[in-house]
1. Look at residue 42 and say whether it is touching a Gly at 6+ places or on another chain (Cβ under 6 Å) and of a type in the set (Asp, Glu).
2. Counting only residues that are exposed (fewer than 10 other Cβ atoms within 10 Å of the Cβ) and among the hydroxyl-bearing types (Ser, Thr, Tyr), which one in the stretch 11-68 is modelled with the highest pLDDT?
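The values are calculated or read from the model by the stated rules, or taken from the named source; none is laboratory data. In this text, all values refer to a predicted model and were calculated from it rather than measured experimentally. With ideal geometry, Cβ positions are generated from the backbone for all residues, glycine too; neighbour counts draw on all protein chains shown.
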Amino acid sequence: MHPDTTACPGMDVSKRWVRVTGAHDGFVEFDFAIADPALTVELILPRPAFDEFCRMNAVVQLEPASTD
C-alpha cells in the first residue's frame, strides 16, 4: 500500500511518530501521528501488537511529554 500524497499536498504522510503515554497490565497507551507530530490520535494496544505496529509504520519514537 502506498500513501496517497495527493490528498495533502505539501505534507509528507510517510513520516510517522509515536509517543508512549502509559503502560498498564501488558497494554501500551500511546499517541500516534502521521505527517505532523502535533496532530495525534490516542491508541492502546497489547505490547506485542504495539511493537508490530511501530515496526510496520516505521515510526519515530518521541520522548514522553514533560509534566512541567
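1. No; evaluated as a whole, the condition is false for this residue.
2. Here the answer is 66.
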